[in-house]
Amino acid sequence: MKYRNRPCEVGGEKYRSQKELRRHRELLLLQREGLIAGLTREVPFVLAPGVKIDGEKRARPAIRYVVDFLYSTQLGVMVHEDAKGMQTRVYRLKKHLMKTVHGIDVKEV
């Protein structure tokens with residue numbers, strides 16, 4: 001249990017927190033009502049490719065950021081959303097890299 005998150009599982013789907021579960025349910029309703037489309041969960045983005053550093057036997061893996069939700073609005077705008085309870089240093093760095101590398105603003109709820 002990291003940062004007081006309570007992981008849970010509903011209908012075979014795993015969530016890292018109660019907040020993420022609640023937000024997914026809200027987004028499913030919005031999609032049913034036709035207000036958003038193409039709702040997808042856990043979408044990975046590569047922020048930096050894997051690399052082999054001076055003399056290491058194995059390459060270090062790519063640095064990735066996983067967006068909790070990805071969907072489009074009625075106007076066709078893609079929304080990259082994260083159900084955040086706590087902003088860690090690593091999260092802030094990865095959010096910065098999402099903007100720098102991919103030009104994507106991550107929306108927090």
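Got a sec? Which strands (runs of 3 or more DSSP E) wholly within the range 1-53 have at least 3 residues that are modelled with pLDDT of 95 or more?
Values: elements: 8-10, 13-15, 36-48.
Filter on the range 1-53 gives 36-48.
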Q | Lone unmet requirement of (1) within 11 Å of the chain's Cα centre (by Cα); (2) at pLDDT below 95; (3) of a type in the set (V, I, T) for V109 | A | (1)
Q. Would you say L75 is among the hydrophobic types (A, V, I, L, M, F, W, C) and either modelled with pLDDT under 95 or under 17 Å from the mean Cα position of the chain (by Cα) (or both)?
A. no
Q: Kindly check whether there is at least one residue in the range 61-72 that is within 15 Å of the chain's Cα centre (by Cα), assigned to a strand (DSSP E or B) and among the basic types (K, R).
A: yes
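Results for (1) β-branched (V, I, T); (2) out of contact with any Phe, Trp or Tyr (no Cβ under 9 Å at 6 or more places or on another chain); (3) surrounded by 11 or more Cβ atoms within 10 Å (Cβ to Cβ), shown as yes or no for each residue.
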| residue | (1), (2), (3) |
| --- | --- |
| V10 | yes, yes, no |
| Y15 | no, yes, yes |
| R23 | no, no, yes |
| R32 | no, yes, no |
| I36 | yes, no, yes |
| R41 | no, no, yes |
| P49 | no, yes, no |
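I'm trying to understand the selection: among the residues of the range 86-109, which are assigned to a loop (DSSP other than H, G, I, E, B) and either acidic (D, E) or surrounded by 15 or more Cβ atoms within 10 Å (Cβ to Cβ) (or both)?
I104, D105
The values are calculated or read from the model by the stated rules, or taken from the named source; none is laboratory data. This is a predicted model, so every value here is computed, not measured. Heads up, the Cβs are rebuilt from the backbone with ideal geometry, glycines too, and the neighbour counts pull from every protein chain shown.
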